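I have placed the structure first, in the form of structure tokens, so that the comments after it can refer back to it.
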Amino acid sequence: MRLDEYVDDLDRDESVELRKLAEEKSYAVTEFVDDARTRFDETLSDETLVGSTAPSVFVGRSSYPRVFAGLLSPVGDEDDAADYATTGEWYRHGYGIEDVFRRRTGLLNSTRRSNVDVYDVWDGFVGTQREVAIADRPVDIELGLDGRPGFDLDGTLEDIAAPRGPRISADSARVTENPSVPRAIEKTLSDDDWRAEGAMTYLYRRGFDVYQINNVLSVGALGQGEHRRLVPTRWSITAVDDTIGQYLRGTIRNASSIDRTLVWHADYMGNEYWVVATPGEWEFELIELKAPGSIWNPDPNGRLYMAADSEGYEGRRGYVEETSGAYYAARLGVLEALSERDRQAKVFVVRHATNEYWAPVGVWQIRESIRDAVEGEPVVAESFHGAVSELVPRLPVSMADLRRKSTMVAGIQSDLSAFGAGVGDP
């Protein structure tokens with residue numbers, strides 16, 4: 001199918017009423033929090049929670065290096081605890097924003113303040129948190145709670161990487177079963193001389209997805225002994241995406257280039273993604289277009305917000321300036337596809353966050369959307385210039401706006417021959 005025919009099939013249904021940020025946020029958050037409060041009131045008869053099952057952990061970043069270490073556990077739905085952990089399964093199940101809110105607000109975050117230096121800590125609350133993080137399935141725990149959980153929604157959207165449930169201080173925590181720990185994770189734990197980057201890559205090569213690696217890194221269970229620390233969850237997610245991305249970039253350094261321009265598309269949770277790969281040595285750019293009324297640009301009467309970050313063949317030397325963790329999540333999905341095909345390319349990704357994206361769910365939805373897109377059958381364009389020209393009418397910006405913001409699009413005019421089409425497999 002030709003690209004122009006493909007995009008013509010993607011016209012939006014104009015009869016669908018777009019949800020407004022303020023209305024949806026007020027309604028949905030209140031509904032889910034009320035449901036969670038009722039469930040906790042029915043389950044927590046005293047200050048001990050016995051028989052809970054923890055599928056995941058959380059480490060806060062406030063007041064670093066004295067942070068809140070947390071155990072995340074559903075209350076009243078222990079049999080389905082695994083479904084409360086953020087993984088790619090949420091995307092494969094087609095969960096929407098409401099589904100994510102329901103699961104996140106249903107997780108009790110039992111916390112203790114801890115110093116991040118926990119190199120040899122395997123007892124107490126942090127020890128329990130570590131056992132939960134390294135296990136290959138949700139772990140049964142017993143919690144001694146200090147009071148009742150709080151259900152306030154204080155804090156700005158900027159402070160919330162994804163919606164979360166109530167938090168409560170925990171006096172104690174212990175595992176009530178023998179966790180099953182994968183042998184590969186046991187190997188990384190036992191080697192105090194192994195740098196964290198190498199340990200993460202080792203686990204990834206042995207089939208562990210970034211979600212489980214992130215948990216293990218977050219609880220300070222990776223890296224050289226004296227450097228093992230709790231890593232705030234928000235930081236560890238990006239650190240894992242970046243580290244695995246750099247490893248994958250290394251696998252394609254000497255690979256042949258793709259020989260034609262390919263385009264993929266994905267649409268999820270009010271986010272629209274376009275991935276354009278064109279012949280040449282590795283290069284990557286992410287453009288984010290955030291519509292007025294979307295979660296990170298909430299004024300419905302404001303202007304479209306544009307952000308961009310990029311890298312060349314040698315990668316980046318510092319953290320991105322504008323697109324934050326979205327950059328590393330999107331880049332990972334692209335690099336996984338190229339590494340699997342043993343090819344390299346110049347890759348241009350556009351993310352359009354429409355005003356249907358009314359609440360933050362985390363960068364996992366970006367990672368999984370890109371992964372899913374590039375696993376599908378691409379559409380072939382005549383050239384990079386031709387692909388961008390076809391896509392611009394689908395975007396809320398002009399070619400001139402895109403050229404001013406995008407390094408790759410600005411380079412179209414410099415040497416069109418560099419973006420010629422070919423024939424052959426990607």
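The values are calculated or read from the model by the stated rules, or taken from the named source; none is laboratory data. Computed from a predicted structure; not experimentally measured. All Cβ positions, glycine included, derive from the backbone under ideal geometry; neighbour counts span all protein chains shown.
If you check Tyr211, Tyr273 for being assigned by TED's automatic domain parsing to the domain that holds Ser389, under 20 Å from Trp364 (Cβ atoms) and among the aromatic types (Phe, Trp, Tyr), only one passes: Tyr273. Might you let me know whether the range 192-199 holds any residue that is under 25 Å from the mean Cα position of the chain (by Cα) and under 22 Å from Gly60 (Cβ atoms)? Within the range 192-199 (the criterion being under 25 Å from the mean Cα position of the chain (by Cα) and under 22 Å from Gly60 (Cβ atoms)), the answer is yes, since at least one residue qualifies.
Residue-wise test of (1) crowded, with 19+ Cβ neighbours inside 10 Å; (2) in contact (Cβ under 8 Å) with a residue 60 or more places away in the chain; (3) in the same structural domain as Ala54 (by TED's automatic domain parsing).
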| site | (1), (2), (3) |
| --- | --- |
| Arg174 | no, no, yes |
| Asp191 | no, no, no |
| Met200 | yes, no, no |
| Arg206 | no, no, no |
| Ser218 | yes, yes, no |
| Gly223 | yes, no, no |
| Glu226 | no, yes, no |
| Ser236 | yes, yes, no |
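Suppose we keep only residues that are of a type outside the set (Phe, Trp, Tyr), out of contact with any helix residue (DSSP H, G or I) (no Cβ under 7 Å at 6 or more places or on another chain) and within 21 Å of Ala410 (Cβ to Cβ) within the range 318-345. Which one would you say is surrounded by the fewest Cβ atoms within 10 Å (Cβ to Cβ)?
Glu321
Please enumerate the residues belonging to the range 393-406 that are touching a strand residue (DSSP E or B) at 6+ places or on another chain (Cβ under 7 Å) and part of a loop (DSSP other than H, G, I, E, B). Within the range 393-406, Leu395, Pro396, Val397, Ser406 qualify. Highlighted here are the helices (runs of 4 or more DSSP H) found entirely within the range 300-392 that include at least 3 residues which are over 29 Å from Glu89 (Cα atoms) and either modelled with pLDDT of 95 or more or assigned by TED's automatic domain parsing to the domain that holds Gly280 (or both): 384-391. Scanning the range 117-135 for residues that are surrounded by fewer than 18 Cβ atoms within 10 Å (Cβ to Cβ) and in a loop (DSSP other than H, G, I, E, B) yields Tyr119, Asp120, Trp122, Asp123. Residues that are in contact with a Leu (Cβ under 8 Å, 6 or more places away or on another chain) and not in a helix (DSSP H, G or I) were ranked within the range 231-257; the one that is farthest from Glu382 (Cα to Cα) is Val231.
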